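Here's the structure we're looking at; comments come further down.
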Amino acid sequence: MRAKNQITVPEPVVAALDAKPDDTLVFEADVEEPGVIRVRLLPRSFAGALTGTYGSTAEVTRFLDEEHADWG
């Protein structure tokens, strides 16, 4: 584990997932199995499919900042 919680995915895992550069990996923890993480490859057709649905990145960021500010 590196600073900013970055990891290097071992080559056998990359090969098993058939992962390619810019693919999105989903890491899932299971409370029933502490210390066990499942890694899934997000289907390539899903990645970015909803981009812009809730506005631009700037609009979403502004909304979230406003919501956080209201929390006190």
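So the values come out like this:
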read-out: All-pairs Cα distance distribution in segment 32-72, expressed in whole percent, bin size 5 Å; value: 5, 16, 13, 12, 12, 14, 18, 9
read-out: Residue-by-residue Karplus 3J(HN,Hα) for segment 29-40, coefficients 6.51, -1.76, 1.60, Hz, glycine and proline x; value: 8, 10, 4, 6, 10, x, x, 10, 10, 9, 10, 10
read-out: Surface/4 of the Cα convex hull for segment 3-70, nm²; value: 7.5 nm²
read-out: Calculated FRET efficiency for the pair ARG62/VAL9, C-beta based, R₀ 35 Å, to 0.05; value: 0.55
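Every number in this text was worked out from the coordinates using simple rules, so none of it is lab data. Please read these numbers as outputs of a predicted model, since none were measured by experiment. Positions of Cβ are generated from backbone atoms using ideal geometry, with glycine treated the same way; all protein chains shown enter the neighbour counts.
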